Amino acid sequence: MGGSNAKSYYLNASGKKLNGNSYTLAYPYKNGYALVKNGTKWAIVDTNGNSKVKIKFKREPSFVNGIAKVDIGSWKKPNYVYIDETGAIIEKK
């Protein structure tokens, strides 16, 4: 990973950007997916920078045994779901 001007991005083995995306915050890849933050929203992306699912999270997901509870609703009407490490919804609450 690399970064400049408060932006993070991923590098390949040659030191070149892995994809054209940059993020406010980016975590290391695990099993081909990474947790990233852009502005105030969190997402899970693959090594091409594509979001596996179209949902974005307001807060950083905290994974336990590969599962996290996230809010995909609005501030006035929360909507909690459980996701796996790829960002796929596995259970609605």
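For the reader, a short list of remarks on this structure follows.
- Area accessible to solvent at S22, 1.4 Å probe radius, in Å²: 40
- Counting heavy atoms of the protein chains alone, D84 has an accessible area of about 40 Å² for a 1.4 Å probe.
- What the phi angles of segment 38-49 give under the Karplus curve with 6.51, -1.76 and 1.60, with θ = phi - 60°, is a coupling list of 10, x, 9, 10, 9, 8, 10, 10, 8, 5, 8, x Hz, glycine and proline written as x.
- Here the chain exposes an accessible surface that is 50 percent carbon and sulfur, computed with a 1.4 Å probe and the other protein chains kept in place.
- Nearest-10 value in Å² for the accessible area of K77, using the 1.4 Å probe: 150
- Remark: for residue pairs K37/K69; K16/K56; K17/K41, the C-alpha separation exceeds 19 Å in K16/K56; K17/K41.
- A simple charge model with +1 on the Cβ of Lys and Arg, -1 on the Cβ of Asp and Glu and nothing else charged puts the dipole of the chain at about 380 debye relative to its Cα centre.
- Considering only A34, A13, A43, the Gaussian network model of the chain with Cα springs below 10 Å gives its largest mean-square fluctuation to A13.
- Positive-end residue of V70, T40, G87, charge dipole of segment 12-93 with Cβ unit charges: T40
- Here the Debye sum runs over all C-alpha atoms of the chain as equal scatterers in vacuum, and log10 of I(q)/I(0) at q = 0.12, 0.16, 0.17, 0.26 Å⁻¹ comes out as -0.37, -0.64, -0.71, -1.38.
The values are calculated or read from the model by the stated rules, or taken from the named source; none is laboratory data. None of the values given here were measured: they were computed from a predicted structure. As a convention, Cβ positions derive from the backbone with ideal geometry for all residues, glycine included, and neighbour counts pool all protein chains shown. Just the protein is used for accessible areas: all its heavy atoms, side chains included, with ligands, DNA and RNA removed. Shrake-Rupley method; radii C 1.70, N 1.55, O 1.52, S 1.80 Å.
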